[in-house]
Amino acid sequence: MPQAHADKYDALKTVFGHDAFRPGQEEVIDTVLAGENVLAVMPTGAGKSLCYQVPALLLDGPAIVISPLVALMDNQAAALRANGVAVSCIHSGQERGRNVEEWRRVAKGEADLLYLSPERLMTDRMLAAMHKLQPPLFVVDEAHCVSKWGPAFRPEYAQLSELKSRFPQARVAAFTATADEGTRADIADQLFGGRGKTIVQGFDRPNLSLTVRPKTNRTQQLLDFMKDRRGESGIVYALSRKNTEEHAAALVAEGYTALPYHAGMSPEARFENQERFIAEEGIVMVATIAFGMGIDKPDIRFVFHVNLPSSPEAYYQEIGRAGRDGQPADTVLLYGLDDIRMRRQFITQEDTDPEHQLREHKRLDALLGYCEASTCRRQVLMAYFGEDLPPCGQCDVCENPPERIDATGAAVALINAVLETGERFGANHVIAVARGADTDKIRQFGHDQLPSHGTGERWGDAFFKSLVRQAIATGYLRVDMSRYGRLVATASGRDLASGNGDFLMTEPKAPKKKMRKRKPAPELLDDADQELLVRLKGLRREMARDLGKPAYIIFSDATLIDMAQKRPMSRAQMLDVSGVGETKFERFGEAFLAAMN
């Protein structure tokens, strides 16, 4: 039978080994324990899992956790079992016999939590079995997948709206790190008819530095960034399988331990690379967006986007995988006109209704605005999610404020070239017309005879490419993917070309040869403690290898740092280390005590 706990503080200390809740956790836990429905929006790394795991230990009956990925279920279940929590897991990655046995444990009352995918839960057979259990709590993890208003809607999540009517006595707790105001309202409406509490803990991750750079040579820019980061764990996101393989190979050629991850690989190869990334230090995972959700690796020191993500939500979710240990981490995003064109193309090729495509185009517009920001990037990103922050002082714009110049003449030359060529051409041809180029294509269409031909000859090609990006980001031009990525002038653009208003832009600067180096993390340990920490990590690595589990499931880095500082010499002192609960001490404590001597 699952262990009984006196209250939330007893469960927190004896099971998870913590003396106090993190900011924001207790309000969510109290809401659930009071029997209310709740949607909790918490930044990545804020400890959202504890917000439903603690109530699950105190409620009468199993909590049902609905999770989208097998890897996410398995990792969370393994971490809970290491803490002595009785947990079951049913999913397609296990043999049928194992799933049957896991269900029997739940039916007998031998599990505090049951992890399921939404499609497995919402079958008539499973729902009928659930009615016999009458679970007190349904947890919807990655709840942004519920909302059609969100960018990550998954149809199998839509059925979860039936839970509240089928199980009226149960409370529903939903958790996400990425949801704007409209998406939050839709999630709450879908899951519990708006009858519940929405708790927004904030989105800001102040330990993450933010940098955006125009694309010049993506591979070389990545290698320049990596020069000061040997031995660090990080993720490089690329748009295609081919680019993933190419960037991984480029890193390996320079002596880095880099692994690819994309949907074109076999499941076995993906699993092996993922396990290595989680368990080992100093590995760079070069991946498509197929990688990331459910990866609980606290010491990821950087996330580097070689291409533009699809939306601010996707970008925030992906950079949020860095620095979950609270230490400084870097994020870098490269983008160019080809990214914008491809992203527009992806949206128009989706098999979705026009309204959804319009929302996706607007999300992309918001991300472009972030990329071309001339004020604090963190302010721009957080404003998208409804937060008002002062300038952060640690993004590239704050550290090196761009100069704003009057580029009205160049913008008018460009927009006139767009209009006079019939809004039928992409950026390269329009720029060539404005600059007065003499090409076969220009002569073929007679564009050398246009009034706009050569009106922008005093500005360079790089200048015009930056101007196009900024004109798109600020709404003077748009990319029409229904017509193969042609540039189209908006009403604002036409107004500007008619002589009304000014166009201010951030002056393009030659990229620095070397990307700025991250500010070093504060020294937490002296030399002797640092030496002990290395020994403790080595012991943890050996244990993890023997168990076939990620190292953090034994003890997190934060726990090992606290251990190295406190140097416990007894059971009681070891239980005073943050993250060491009673079960973990019984399983691992003696070996780590021995390592102190």
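A few comments on the model shown:
- In this structure, LEU419 does not satisfy being under 21 Å from VAL479 (Cα atoms), in the same structural domain as TYR476 (by TED's automatic domain parsing) and crowded, with 24+ Cβ neighbours inside 10 Å.
- Filtering the stretch 202-216 to residues that are small (Gly, Ala, Ser) and part of a strand (DSSP E or B) leaves only SER209.
- The one condition in (1) touching a residue at least 60 places away in the same chain (Cβ under 8 Å); (2) of a type outside the set (Asp, Glu); (3) surrounded by 22 or more Cβ atoms within 10 Å (Cβ to Cβ) that CYS89 fails to fulfil: (1)
- Test for ILE199: is it surrounded by fewer than 19 Cβ atoms within 10 Å (Cβ to Cβ) and either in a helix (DSSP H, G or I) or not charged (D, E, K, R) (or both): yes
- The stretch 119-138 residues that are touching a residue at least 40 places away in the same chain (Cβ under 8 Å) and more than 12 Å from LEU163 (Cβ to Cβ), paired with ones that are of a type in the set (Val, Ile, Thr) and crowded, with 20+ Cβ neighbours inside 10 Å (beta carbon under 8 Å, 6 or more apart): LEU133/VAL106
- Among the residues examined, THR219 does not qualify as over 19 Å from the mean Cα position of the chain (by Cα), at negative phi and either buried (at least 20 other Cβ atoms within 10 Å of the Cβ) or not in a helix (DSSP H, G or I) (or both).
- Selected residue [under 19 Å from LYS48 (Cβ atoms), modelled with pLDDT under 90 and aromatic (Phe, Trp, Tyr)] from PHE203, PHE192: PHE203
- Residues that are more than 20 Å from the chain's Cα centre (by Cα) and part of a helix (DSSP H, G or I) were ranked within the stretch 322-339; the one that is surrounded by the most Cβ atoms within 10 Å (Cβ to Cβ) is LEU337.
- Residues of the stretch 272-299 that are in a helix (DSSP H, G or I) and in contact (Cβ under 8 Å) with a residue 24 or more places away in the chain: GLN274, GLU275, PHE277, ILE278, ALA279.
- Matching residues in the stretch 565-584 - criterion: being among the small types (Gly, Ala, Ser), over 34 Å from the mean Cα position of the chain (by Cα) and under 20 Å from ARG535 (Cα atoms): SER570
- First in the stretch 93-111 and free of Cβ contacts under 8 Å to residues at least 24 places away in the same chain, second anywhere and in a helix (DSSP H, G or I), Cβ under 8 Å, 6 or more apart: GLY93/VAL70; GLY93/ASP74; GLN94/GLU102
- Restricting attention to the stretch 28-53, the residues that are part of a helix (DSSP H, G or I) and over 20 Å from THR198 (Cβ atoms) total 1.
- The stretch 446-468 residues that are part of a loop (DSSP other than H, G, I, E, B), paired with ones that are of a type in the set (Lys, Arg) (beta carbon under 8 Å, 6 or more apart): GLY454/ARG435; GLY456/ARG435; GLU457/ARG435; TRP459/ARG435
- LEU239 vs. criteria among the aliphatic types (A, V, I, L, M), assigned to a helix (DSSP H, G or I) and surrounded by 15 or more Cβ atoms within 10 Å (Cβ to Cβ): no
- Of the helices (runs of 4 or more DSSP H) contained entirely in the stretch 83-182, those carrying at least 1 residues that are out of contact with any Asp or Glu (no Cβ under 9 Å at 6 or more places or on another chain) and over 30 Å from GLU313 (Cβ atoms) fall at 96-107, 124-133.
- Apart from one condition, TYR484 fits all of (1) modelled with pLDDT of 90 or more; (2) of a type in the set (Phe, Trp, Tyr); (3) under 36 Å from the mean Cα position of the chain (by Cα); the exception is (1).
- Output for the stretch 559-592, where each listed residue is surrounded by fewer than 18 Cβ atoms within 10 Å (Cβ to Cβ), touching a Ser or Thr at 6+ places or on another chain (Cβ under 8 Å) and without any contact (Cβ under 8 Å) to a residue 60 or more places away in the chain: none
- Any hit, the stretch 17-38, residues being over 24 Å from the mean Cα position of the chain (by Cα), surrounded by 23 or more Cβ atoms within 10 Å (Cβ to Cβ) and modelled with pLDDT under 95: yes
The values are calculated or read from the model by the stated rules, or taken from the named source; none is laboratory data. Values in this document were obtained by computation on a predicted structure and should not be read as measured data. Here Cβ is always computed from backbone atoms with ideal geometry, including for glycine, and neighbour counts include all displayed protein chains.
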